[in-house]
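Please find one structure pasted underneath; my questions will follow.
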Amino acid sequence: MPFDAGFTAAVTKEIADVATGARIDKIYQPERDIVVLSLKSAGENKKLLLSAVAGMSRFGFTDTDRENPAEPPMFCMLLRKHLVGGHIMFVKQLGFERAVEIGISSHDEMGFKSEKSLIVEIMGTYSNIILLDEKRRVLSAIRFVDLSVKAKRQILPGFPYELPPVQEGKLDTLAVTREEFMAKLEKDISEGFGENAVDKYLIASYRGLSPLVAREISFRACKETTFALALCDREKLWFHFNEIYGRVARGEFEPYILYDKDKRPLEYSFCEIRQYGLSVVCVKCDSFGELMDKFCFEKDKNESIKRKSQDILKLLSAASARITKKISLQEKDLSECAEREKLKLYGDLITAYMYMLKKGDSSAKLVDYNDYDENGNGKEIEVPLEINLTPAQNAQRYYKFYAKMKTREVQLTAQIESGREELEYIDTIFDSLTKAEGEKDIAEIREELAISGYGKKLESMFGSRTKSKSARKQKMKKTYDLLEFRSSGGYRILCGKNNLQNDYLTTEVADKFDMWFHVKDMPGSHTVMFCGKDEPSAEDYTEAATIAAFYSKGKDMPGVPVDYTRIKNVKKPSGAKPGFVIYETNYTAYVTADEELVKRLRAVK
């Protein structure tokens, strides 16, 4: 993502224009690497997001609500101690780098006025949020850096703050003049860099350029994103370089977001991007905060859920691999059991021809008159014998092996079926994780795993807390935060996000005449349209089926089969795992999981 120095300058200006003089009312830390400052200015409330998440680091205003932990982390408590009630004095970019300083005037514990600084560094895996005192010494940080890490500076409490090291050999993008630009260009071409692509040359020569903006300058000057430096028109290259970064120097920015043909966010920038032509849609946003919310919302949510559920994913992946391997071995054993009829035949033949056999024979060629060859003669079969056993004992030996194989086949068949059911259940948990929207949903999935017998495994592997059986029963009685929708006909539609919610919705909330929907033969959410004895329109049915399809494993299929029936036809077997039901007298609809339709039908809480 191009959160480069130019974009940093744009966001810094937007924050400075609004937040200077604002009072810090509250501070939250919804995740380890994310801090949110709640600001009040001229009767208006704003949320300032500071993120040091590797790969998603950024800062800016946001309208997105995030779920906060029950107990705030220590860094959050320290920020509250020093900054809540303070006023923002300034917001400035540190040089032309991906770092910004927020100056804050507050009071210390003795009531004396003090000045603190909050530094946000947007540097990939090295991103950080650092609190400084009035002497610019480090009070605390999201992540500390010491000599054990290969770094050019240390970030530790009490240490003086140092700016990130400047990129050596690169010129100041905002300060370079036309003469300096041209002189360097001619010198580099004469020294053999003329074959380099224009965009690569700009990135290597000037500070703070992202690949996206470097390609854009190359495209505007040369009509190609990868064009040889020596063949480029020098004047055009300077013109477009200065056109973009001259506006940056003057504080003139425009928030643009780019969408691909599937309407998914692709890139973003502080200037218009033309290099993709008609293959993408370039949309101008009202603010950089709105831009980042649109671009990062889904990615933020998915990454957050992934981080918070790492232990669950690891446990389930290991369980799935173990069960799959076990089933494979059992199926191999089961195929061997298919030979049991041969063992019974050997026993029958030995019994029939016992008068011809004697102890000490190693084998015998016996005729099976129940199986004929093409000439109508019985087939001759060679039967292996144990030389130290009598014919009767040999017959009993084969009958015994046959009985064992028959019992083993029954057991293996049941075990394989049980293993496949367990895999199907694990698949439903994986599906639930894709629908989780916050820490509360993850906690419910943990609770379900505890009920299903995985709690001790989680606890032993990762130290996760599981509750007692009585506490789990109490949990089952509580209400759940279900997904809510409203059909075009005005019918209320509820959808579960995990198996506990599915059970709660189907067995406790819905009436026997309400319509129940579930994707056919795949993991998915239970979806209920609350219509009573009414007969909704075909459009209402289609919308409810679309919701069920969207919140299922088959959402990307071209035609998703969705079963639907009245709740009275849905039963939960005694002792079944959470989310498992059986149903009859159902119909099946084939729908497309239309994301836009689902978003439009979703009820606003």
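How many residues are in a loop (DSSP other than H, G, I, E, B), at pLDDT 50 or above and surrounded by 15 or more Cβ atoms within 10 Å (Cβ to Cβ) when one looks only at the stretch 458-482? It would help to see each step written out before you state the result.
Initial filter on the stretch 458-482 (in a loop (DSSP other than H, G, I, E, B)): 463-468, 478-482.
From what's left, at pLDDT 50 or above: 463, 478-482.
Imposing the further condition that a residue be surrounded by 15 or more Cβ atoms within 10 Å (Cβ to Cβ) reduces the set to 480, 482.
So the answer is 2.
Of the residues SER205, SER127, SER117, which single one is surrounded by 15 or more Cβ atoms within 10 Å (Cβ to Cβ), touching a Lys or Arg at 6+ places or on another chain (Cβ under 8 Å), in the same structural domain as GLY95 (by TED's automatic domain parsing) and under 30 Å from SER269 (Cα atoms)?
Working: SER205 fails: in the same structural domain as GLY95 (by TED's automatic domain parsing); SER127 fails: touching a Lys or Arg at 6+ places or on another chain (Cβ under 8 Å).
Every option except SER117 fails the conditions.
Among the numbered criteria (1) charged (D, E, K, R); (2) farther than 21 Å from ALA99 by Cα; (3) out of contact with any helix residue (DSSP H, G or I) (no Cβ under 8 Å at 6 or more places or on another chain), which one does ASP188 miss?
So ASP188 meets the others, but not (3).
Here is a check on your reading of the model: is PHE485 under 27 Å from the mean Cα position of the chain (by Cα), hydrophobic (A, V, I, L, M, F, W, C) and either at positive phi or buried (at least 18 other Cβ atoms within 10 Å of the Cβ) (or both)?
Here the answer is yes, as PHE485 does meet what is asked.
Taking the stretch 48-80, which residues are assigned to a loop (DSSP other than H, G, I, E, B) and either among the hydroxyl-bearing types (Ser, Thr, Tyr) or closer than 16 Å to ILE129 by Cα (or both)? Explain how you work it out, then say what you get.
First, the residues of the stretch 48-80 that are assigned to a loop (DSSP other than H, G, I, E, B): 52-57, 63-73.
Hits for the stretch 48-80 are ALA52, VAL53, ALA54, GLY55, MET56, SER57, THR64, PRO73.
Ok, one more. So which residues in the stretch 152-175 are of a type in the set (A, V, I, L, M) and surrounded by 12 or more Cβ atoms within 10 Å (Cβ to Cβ)? Walk me through how you get there before you give the answer.
Going through the stretch 152-175, the residues of a type in the set (A, V, I, L, M) turn out to be 155-156, 163, 166, 171, 174-175.
Residues satisfying the conditions are ILE155, LEU156, LEU163, VAL166, LEU171, LEU174.
Given the structure, is ALA593 buried (at least 16 other Cβ atoms within 10 Å of the Cβ) and at pLDDT below 95?
Details: buried (at least 16 other Cβ atoms within 10 Å of the Cβ): yes; at pLDDT below 95: yes.
Yes; evaluated as a whole, the condition is true for this residue.
I would also like to ask the following. Working only within the stretch 485-536, note down all residues that are farther than 17 Å from VAL581 by Cβ and among the β-branched types (Val, Ile, Thr).
ILE493, the sole residue that qualifies.
Condition (residue is touching a Leu at 6+ places or on another chain (Cβ under 9 Å) and outside any helix (DSSP H, G or I)) applied to the stretch 408-424: is it met by at least one residue?
For the stretch 408-424, residues touching a Leu at 6+ places or on another chain (Cβ under 9 Å) and outside any helix (DSSP H, G or I): absent.
Residues that are in contact (Cβ under 8 Å) with a residue 24 or more places away in the chain, over 19 Å from ILE27 (Cβ atoms) and in contact with a Phe, Trp or Tyr (Cβ under 6 Å, 6 or more places away or on another chain): does the stretch 106-121 have at least one?
There is no residue in the stretch 106-121 that is in contact (Cβ under 8 Å) with a residue 24 or more places away in the chain, over 19 Å from ILE27 (Cβ atoms) and in contact with a Phe, Trp or Tyr (Cβ under 6 Å, 6 or more places away or on another chain).
Would you confirm whether or not the stretch 212-235 contains a residue that is under 24 Å from GLU14 (Cβ atoms), assigned to a helix (DSSP H, G or I), acidic (Asp, Glu) and in contact (Cβ under 8 Å) with a residue 12 or more places away in the chain?
In the first step, residues of the stretch 212-235 are kept if they are under 24 Å from GLU14 (Cβ atoms); the result is 212-214, 216-217.
Then drop every residue that is not assigned to a helix (DSSP H, G or I), which leaves 212-214, 216-217.
Now restrict to residues that are acidic (Asp, Glu): 216.
Imposing the further condition that a residue be in contact (Cβ under 8 Å) with a residue 12 or more places away in the chain reduces the set to 216.
Yes, the stretch 212-235 contains at least one residue that is under 24 Å from GLU14 (Cβ atoms), assigned to a helix (DSSP H, G or I), acidic (Asp, Glu) and in contact (Cβ under 8 Å) with a residue 12 or more places away in the chain.
What number of residues in the stretch 548-584 are farther than 18 Å from ASP511 by Cα, part of a helix (DSSP H, G or I) and not small (Gly, Ala, Ser)?
Number of matching residues: 1.
Separate question: Tell me yes or no: at least one residue of the stretch 526-544 is at pLDDT 95 or above, in a loop (DSSP other than H, G, I, E, B), surrounded by 22 or more Cβ atoms within 10 Å (Cβ to Cβ) and not basic (Lys, Arg).
Yes: one or more hits.
Follow-up question, since we're still on this one. Looking only at residues in the stretch 241-270 that are crowded, with 18+ Cβ neighbours inside 10 Å and assigned to a helix (DSSP H, G or I), which one is farthest from the chain's Cα centre (by Cα)?
PHE241
Looking at (1) modelled with pLDDT under 90; (2) assigned to a helix (DSSP H, G or I); (3) touching a helix residue (DSSP H, G or I) at 6+ places or on another chain (Cβ under 6 Å); (4) surrounded by 17 or more Cβ atoms within 10 Å (Cβ to Cβ), which is the only condition LEU366 fails?
So LEU366 meets the others, but not (2).
Do the conditions hold for LEU229, that is, is it modelled with pLDDT under 95, aliphatic (A, V, I, L, M), surrounded by 14 or more Cβ atoms within 10 Å (Cβ to Cβ) and within 38 Å of the chain's Cα centre (by Cα)? Can you show your working first?
Values: modelled with pLDDT under 95: yes; aliphatic (A, V, I, L, M): yes; surrounded by 14 or more Cβ atoms within 10 Å (Cβ to Cβ): yes; within 38 Å of the chain's Cα centre (by Cα): no.
The answer is no for LEU229.
For every residue, the table says whether it meets (1) exposed (fewer than 15 other Cβ atoms within 10 Å of the Cβ); (2) touching a helix residue (DSSP H, G or I) at 6+ places or on another chain (Cβ under 9 Å); (3) under 30 Å from LEU329 (Cβ atoms).
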{"residue": "ASN388", "(1), (2), (3)": "yes, no, no"}
{"residue": "PRO391", "(1), (2), (3)": "no, yes, no"}
{"residue": "ARG420", "(1), (2), (3)": "yes, yes, yes"}
{"residue": "PHE430", "(1), (2), (3)": "no, yes, yes"}
{"residue": "ALA436", "(1), (2), (3)": "no, yes, no"}
{"residue": "GLU444", "(1), (2), (3)": "no, yes, no"}
{"residue": "GLU447", "(1), (2), (3)": "no, yes, no"}
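Still on this structure, I have one more. Right, ASN45: surrounded by fewer than 21 Cβ atoms within 10 Å (Cβ to Cβ), out of contact with any helix residue (DSSP H, G or I) (no Cβ under 6 Å at 6 or more places or on another chain), part of a strand (DSSP E or B) and at pLDDT below 95 or not?
Working: surrounded by fewer than 21 Cβ atoms within 10 Å (Cβ to Cβ): yes; out of contact with any helix residue (DSSP H, G or I) (no Cβ under 6 Å at 6 or more places or on another chain): yes; part of a strand (DSSP E or B): yes; at pLDDT below 95: yes.
Considered against the rule, which asks whether it is surrounded by fewer than 21 Cβ atoms within 10 Å (Cβ to Cβ), out of contact with any helix residue (DSSP H, G or I) (no Cβ under 6 Å at 6 or more places or on another chain), part of a strand (DSSP E or B) and at pLDDT below 95, ASN45 comes out as yes.
Right, another one. Under 7 Å between Cβ atoms, which residue pairs at least 6 apart in sequence (or on different chains) link something in the stretch 75-103 that is in contact (Cβ under 8 Å) with a residue 24 or more places away in the chain and of a type in the set (Lys, Arg) with a partner that is part of a helix (DSSP H, G or I) and crowded, with 23+ Cβ neighbours inside 10 Å?
Partner pairs satisfying both residue conditions: LYS92/THR12; ARG98/ALA5; ARG98/THR8.
I've got another one for you. Over 21 Å from GLU272 (Cβ atoms) and not hydroxyl-bearing (Ser, Thr, Tyr): is that true of ALA175 in this structure? I'd like the intermediate steps shown before the answer.
Details: over 21 Å from GLU272 (Cβ atoms): yes; not hydroxyl-bearing (Ser, Thr, Tyr): yes.
Yes: the conditions hold for ALA175.
List, please: which pairs have Cβ atoms under 9 Å, are six or more places apart or on different chains, and start with a residue in the stretch 1-28 that is farther than 18 Å from CYS285 by Cα and end with one that is surrounded by 24 or more Cβ atoms within 10 Å (Cβ to Cβ) and basic (Lys, Arg)?
Short answer, once both residue conditions are applied: ASP4/ARG98; ALA5/ARG98.
Condition check: surrounded by 21 or more Cβ atoms within 10 Å (Cβ to Cβ) and over 21 Å from GLY95 (Cβ atoms). Does SER190 satisfy that? Step through it out loud before you land on a result.
Working: surrounded by 21 or more Cβ atoms within 10 Å (Cβ to Cβ): no; over 21 Å from GLY95 (Cβ atoms): yes.
Considered against the rule, which asks whether it is surrounded by 21 or more Cβ atoms within 10 Å (Cβ to Cβ) and over 21 Å from GLY95 (Cβ atoms), SER190 comes out as no.
Taking ASP146, is it acidic (Asp, Glu), assigned by TED's automatic domain parsing to the domain that holds ILE273 and either touching a residue at least 60 places away in the same chain (Cβ under 8 Å) or closer than 24 Å to GLU97 by Cβ (or both)?
Details: acidic (Asp, Glu): yes; assigned by TED's automatic domain parsing to the domain that holds ILE273: no; either touching a residue at least 60 places away in the same chain (Cβ under 8 Å) or closer than 24 Å to GLU97 by Cβ (or both): yes.
Taking the combined requirement at face value, the residue does not satisfy it.
For residues in the stretch 489-525 being among the acidic types (Asp, Glu) and surrounded by fewer than 21 Cβ atoms within 10 Å (Cβ to Cβ), which is nearest to ASP556 (Cα to Cα)?
Here is the first cut: in the stretch 489-525, the residues among the acidic types (Asp, Glu) are 503, 508, 511, 514, 521.
After this cut, where a residue has to be surrounded by fewer than 21 Cβ atoms within 10 Å (Cβ to Cβ) as well, the list is 508, 511, 521.
Values: GLU508: 30, ASP511: 31, ASP521: 15 Å.
Taking the candidates together, the pick is ASP521.
Still on this model: Scan the stretch 518-567 for residues that are farther than 19 Å from LEU494 by Cβ and either in contact with a Lys or Arg (Cβ under 7 Å, 6 or more places away or on another chain) or not assigned by TED's automatic domain parsing to the domain that holds LEU505 (or both) and jot them down.
Correct list: MET522, PRO561.
The values are calculated or read from the model by the stated rules, or taken from the named source; none is laboratory data. Keep in mind that this is a model prediction, so the values were computed, not measured. Cβ: placed from backbone, ideal geometry, glycine included. Neighbour counts: every protein chain shown.
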